[in-house]
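Report on one structure; see the data block that follows.
The values are calculated or read from the model by the stated rules, or taken from the named source; none is laboratory data. None of the values given here were measured: they were computed from a predicted structure. In this analysis, Cβ positions are derived from the backbone assuming ideal geometry, glycine residues included, and neighbour counts consider all displayed protein chains.
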Amino acid sequence: MIPPDYLNVIAAWLLDHGFKILVILTGSLIVHKFAHIIVDRMIRKAVASDRFISAEAEKKREDTLIAVFHQIFAVGIWLLAGLMILSEIGINTTPLLAGAGIIGLAFGFGGQYLIKDLISGFFIFLENQYRIGDVVCFGDTCGLVEKTTLRTTTLRDLDGVVHHVPNGEIKTASNLSKYFSRVNLNIGIAYNSDLEKVIKVVNEVGNELAEDKDWKEMIVKPPQFLRVDDFGDSAIIIKILGETKPIKQWDVAGELRKRLKIAFDKHNIEIPFPQRVIHQVK
């Protein structure tokens, strides 16, 4: 059985320090909640609109910035709350802060890569190189941006593999979905094809695709014949170019290939197999 004196001490501690800890936790939760709301509103207003950016692309940029600032504010708020709670429990935080300073100094010598990641991440957000929802390539690593922080960027590729890339290791960031995307097809046709007929068929297929109710919302400019790109060993290579909404280029290109194959078969336009002429020495 707990002696009455102890109960009085515990009750007094709870009424004094316990109540203060409860206030600190409640206040931190409220500040955290309001910080999220304020950050959301400030960034939505502060990010200048760009006439070249769609509303969807602008929202991606804002969401990315909001996510980063949420993390920064959350760390700051709960770190401060933790120090205040430790002080109420009776732990002197001054040695902890001094020790943290010494640890931070030691960490600084070995944390150069972390600092590099953080600085690189800051400039990635500042320059709006990519956002959550974009498809990007870092060298040979490509995927959809699922998460970004000041330290790392998380990509998911078509196989579902998740790649965590430190921002400091990103030398070249190739954004495949910023502002708009492009259908860029090279198709081989037989040398005996009527080129004017091929151009007409390609342009008709591209226009029909752009006018289709299921596809027109994805297409900015209809895919059209651009030029004869090359004379191959077995075929004339033609280039077809069009513009789509971000990330829709692969869907549109796949449908365009299907329709071109059907149209070429209908108009007897041959997509040749590789051919080789062999000269026999007599």
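For this structure, a couple of remarks:
- Looking at Leu144, Leu195, just one residue is surrounded by fewer than 17 Cβ atoms within 10 Å (Cβ to Cβ) and in contact (Cβ under 8 Å) with a residue 12 or more places away in the chain, and that residue is Leu195.
- When the criteria are applied in full, Gly254 meets the requirement of being exposed (fewer than 13 other Cβ atoms within 10 Å of the Cβ) and within 23 Å of Asp134 (Cβ to Cβ).
- Meets criteria (surrounded by fewer than 17 Cβ atoms within 10 Å (Cβ to Cβ) and modelled with pLDDT under 95) for Asp157: yes
- In the stretch 198-243, residue surrounded by the fewest Cβ atoms within 10 Å (Cβ to Cβ) [restricted to those that are polar (S, T, N, Q) and not in a loop (DSSP other than H, G, I, E, B)]: Asn207
- Residue in the stretch 167-184 that is on the phi > 0 side of the Ramachandran plot and either outside any strand (DSSP E or B) or among the charged types (D, E, K, R) (or both) present: yes
- Selection count where residues are at pLDDT 90 or above and assigned to a strand (DSSP E or B), scope the stretch 132-154: 13
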